[in-house]
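One structure is given below, encoded as structure tokens.
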Amino acid sequence: MKAVRLHAYHEPMRLDEVPEPTITGPHDVVVRVGGAGLCRTDVHIRDGWFAPAVPTELPLTLGHENAGWVHEVGPAVENVAVGDAVICHPQQSCGFCAACRTGDDMRCAMGLAFSGLTRGGGFAELLKTTDRAVLRLPAGLDPVAVAPHADAGLTVMHAVRKAVSLLGPGTRVVVVGVGGLGHIAVQCLRALCAAEVIAVDPDPDAQKLALDCGAHHAVPASSVAEQVADLTGGAGAEAVIDFVGEGNSIANGLAMTRNNGAYYIVGYGGEIRISAIDMITTERRIIGNLVG
């Protein structure tokens, strides 16, 4: 089959002919890929950002936002059948450890088994995964259309669900970065909480997208802390969800977070710098988010 693989960091990927994956375990599922999203993380994997933390054997087929149709199943698979349209969770977890039993599959005791990072991903005709990592799609949903939700949608929902407990009537939440994740976050927040949603992005088109998706306010990134202060009566927002995580977004995100509020970091590339006395006196929380 054809697969797009990374042979060396910092170099373009190549289109290769590779063997088709086969069923080797009772819970294996092979999916014929219908759609595979290109995530910013794929670019970071290509550029070696994850190499120190997640050793990976190259060449590697990238792609962790995958959906398609079940091509073949192992003998113990009961939740899907050949021909079913499915979306694929990038993490392939055991289902038995304490983390998996509480729905925290990213903390599986078996470690990271992540499509397109530690094992072959979906930039190929076929993807090998497991029954626990596939979800059958409702009739009428096209795998091509929903593939990015395997990470972009999932990661957003993970962060938003953490934040909604703080977001009752009269509260505010700031979404930093209205890109592939941020515009989904605006929609999820409007559906799941009563907070006033403030979107931040330097691009006028992204600001318009945020308003179209339901944001109450859309502001440019310049002097954003002051603008959010004006919108919140000087107090700041109960929650800030940062989908950028580099440049000035972290400092601005913390500045927009009110006392006893929470700053949720999703994007990465920068560094969080805050003094201990600031953390103590403001009681702000900084919360990391990894997929979902």
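Where in the range 1-71 are there strands (runs of 3 or more DSSP E), lying wholly inside it, with at least 3 residues that are of a type outside the set (Asp, Glu)? If you could, list the steps in order and put the result at the bottom.
On the way: elements: 2-6, 14-17, 28-37.
Where strands (runs of 3 or more DSSP E) fall fully within the range 1-71 and carry at least 3 residues being of a type outside the set (Asp, Glu), they are 2-6, 28-37.
Of all residues being open to solvent by 70 Å² or more (accessible area, probe 1.4 Å) and among the hydrophobic types (A, V, I, L, M, F, W, C) in the range 277-292, which is nearest to the chain's Cα centre (by Cα)? Just the residue, please. Break it down stepwise before answering.
Keep residues of the range 277-292 that are open to solvent by 70 Å² or more (accessible area, probe 1.4 Å), which gives 277, 280-281, 283, 285, 290.
Still in the running and among the hydrophobic types (A, V, I, L, M, F, W, C): 277, 280, 290.
Details: 277: 32, 280: 30, 290: 7 Å.
My answer is 290.
Conditions tested, residue by residue: (1) of a type in the set (Ser, Thr, Tyr); (2) within 19 Å of the chain's Cα centre (by Cα); (3) open to solvent by 50 Å² or more (accessible area, probe 1.4 Å).
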{"position": "177", "(1), (2), (3)": "no, yes, no"}
{"position": "182", "(1), (2), (3)": "no, yes, no"}
{"position": "188", "(1), (2), (3)": "no, yes, no"}
{"position": "192", "(1), (2), (3)": "no, yes, yes"}
{"position": "202", "(1), (2), (3)": "no, no, yes"}
{"position": "217", "(1), (2), (3)": "no, no, yes"}
{"position": "228", "(1), (2), (3)": "no, no, no"}
{"position": "237", "(1), (2), (3)": "no, no, no"}
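Can you spot a residue in the range 239-261 that is aliphatic (A, V, I, L, M), in contact with a His (Cβ under 9 Å, 6 or more places away or on another chain) and surrounded by 17 or more Cβ atoms within 10 Å (Cβ to Cβ)? Spell out the reasoning first.
Start the filter on the range 239-261 by keeping residues that are aliphatic (A, V, I, L, M), which leaves 239-241, 244, 250-251, 254-256.
Adding the requirement that they be in contact with a His (Cβ under 9 Å, 6 or more places away or on another chain) leaves none.
The answer is no, given that none of the residues of the range 239-261 is aliphatic (A, V, I, L, M), in contact with a His (Cβ under 9 Å, 6 or more places away or on another chain) and surrounded by 17 or more Cβ atoms within 10 Å (Cβ to Cβ).
Name the residue that is nearest to the chain's Cα centre (by Cα), counting only residues in the range 93-135 that are of a type in the set (Gly, Ala, Ser), assigned to a loop (DSSP other than H, G, I, E, B) and more than 26 Å from residue 58 (Cα to Cα). Can you show your working first?
Step one: of the range 93-135, the residues of a type in the set (Gly, Ala, Ser) are 93, 95, 98-99, 103, 109, 111, 113, 115-116, 120-122, 124, 133.
Then drop every residue that is not assigned to a loop (DSSP other than H, G, I, E, B), which leaves 93, 95, 103, 109, 111, 113, 116, 120-122.
Adding the requirement that they be more than 26 Å from residue 58 (Cα to Cα) leaves 95, 103.
Numbers: 95: 21, 103: 16 Å.
Residue satisfying both the conditions and the ranking: 103.
List every residue pair whose Cβ atoms sit under 6 Å apart, with the two residues 6 or more apart in sequence or on different chains, where the first one lies in the range 280-292 and is among the polar types (S, T, N, Q) and the second, anywhere, is in a loop (DSSP other than H, G, I, E, B).
Once the first residue is among the polar types (S, T, N, Q) and sits in the range 280-292, its partners that are in a loop (DSSP other than H, G, I, E, B) give 289/266.
Which count do you get for residues in the range 66-84 that are under 18 Å from residue 138 (Cα atoms) and either touching a residue at least 12 places away in the same chain (Cβ under 8 Å) or open to solvent by 80 Å² or more (accessible area, probe 1.4 Å) (or both)?
Of the range 66-84, the ones under 18 Å from residue 138 (Cα atoms) are 66-71, 78-84.
Still in the list and also either touching a residue at least 12 places away in the same chain (Cβ under 8 Å) or open to solvent by 80 Å² or more (accessible area, probe 1.4 Å) (or both): 66-71, 78-80, 82-84.
Total satisfying the criteria: 12.
Only one of 253, 270 is in contact with a helix residue (DSSP H, G or I) (Cβ under 7 Å, 6 or more places away or on another chain) and either over 29 Å from residue 41 (Cα atoms) or touching a residue at least 12 places away in the same chain (Cβ under 8 Å) (or both); which? Let's see the steps before the verdict.
Numbers: 253 fails: in contact with a helix residue (DSSP H, G or I) (Cβ under 7 Å, 6 or more places away or on another chain).
Of the residues listed, the single one that is in contact with a helix residue (DSSP H, G or I) (Cβ under 7 Å, 6 or more places away or on another chain) and either over 29 Å from residue 41 (Cα atoms) or touching a residue at least 12 places away in the same chain (Cβ under 8 Å) (or both) is 270.
Residues of the range 223-250 being assigned to a loop (DSSP other than H, G, I, E, B), in contact with a strand residue (DSSP E or B) (Cβ under 7 Å, 6 or more places away or on another chain) and either among the polar types (S, T, N, Q) or free of Cβ contacts under 8 Å to residues at least 12 places away in the same chain (or both), which ones?
Here is the first cut: in the range 223-250, the ones assigned to a loop (DSSP other than H, G, I, E, B) are 223, 232-236, 243-248.
Retained after the next criterion (residues that are in contact with a strand residue (DSSP E or B) (Cβ under 7 Å, 6 or more places away or on another chain)): 232, 235-236, 243-245.
Hit for the range 223-250 is 232, nothing else.
The values are calculated or read from the model by the stated rules, or taken from the named source; none is laboratory data. Owing to the predicted nature of the structure, the values given are computational and were not obtained by experimental measurement. So basically every Cβ, Gly included, is an ideal-geometry build from the backbone, and we count neighbours across all protein chains shown. Only protein heavy atoms, including side chains, enter the accessible area calculation; ligands, DNA and RNA are left aside. Shrake-Rupley method; radii C 1.70, N 1.55, O 1.52, S 1.80 Å.
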